[in-house]
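No value in this document is a laboratory result; all are computed from the given coordinates. All figures in this text were calculated on a predicted structure; none of them were measured in a lab. Here the Cβ is made from the backbone with ideal geometry for all residues, glycine too, and neighbour counts use every protein chain on show.
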Amino acid sequence: MNQVRETVLKSFATAAHDHGRCIKTALAKAEQACVTSGKRLTPLRRRVLELVWGSHEPVKAYELLALLGQEREQAAPPTVYRALDFLQDAGLVHRIASLNAFVGCGEPREGHVSQFLICTACGTVAELADPALSSRIADCAERLGFRVARETMEIEGTCRNCQKTGKAGAHA
Ligand SMILES: [Zn+2]
Ligand SMILES: [Zn+2]
Ligand SMILES: [Zn+2]
């Protein structure tokens, strides 16, 4: 029997949640994932990850650079981009293509395919992993003789919080 079900890897944050705990949990999971995959989470990579987890909104590379620049003199752009590449490869962060920005993964592991729900009112992002959705796309692609190299699914809308508070429209 097929037990595959969709999972929420990272849900929308409620206003009252303890974000300090989010960050701590995320870093602990990232460290564990690196141990498992034999990758090295250097202090810089770890710090970049922590900064990406600064909020539930996607963070742009130049914002990370500005934040790091305040604490390290040698935070040259290539170093930060390399750290982001590493974090992406390791499945610890994801790049939201439509925003050209990064979010931390709630259940980090290498090479997983996920879907993103993006709230255009508050800017927060939730991550889903529905293997059924991915295999459906793979099937359709195969029928057309198409080989999928990268799969990006980004869905825009309004989160429950913003629906409740009546916030709507584009995120500035
Ligand atoms: Zn949080
Ligand atoms: Zn993920
Ligand atoms: Zn929202």
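Ordering Phe146, Phe116 by the number of other Cβ atoms within 10 Å of each residue's own Cβ, fewest first, gives Phe146, Phe116.
For the chain, calculate the relative contact order in percent as a whole number, restricting contacts to Cα pairs under 8 Å that are 6 or more residues apart.
About 27 percent, as a whole number.
Measuring max minus min along each principal axis, the C-alpha atoms of region 7-165 give extents of 52, 42, 26 Å (largest first).
Note on region 24-83: semi-axes of the ellipsoid equivalent to its C-alpha gyration tensor, largest first and rounded to whole Å, are 20, 14, 9.
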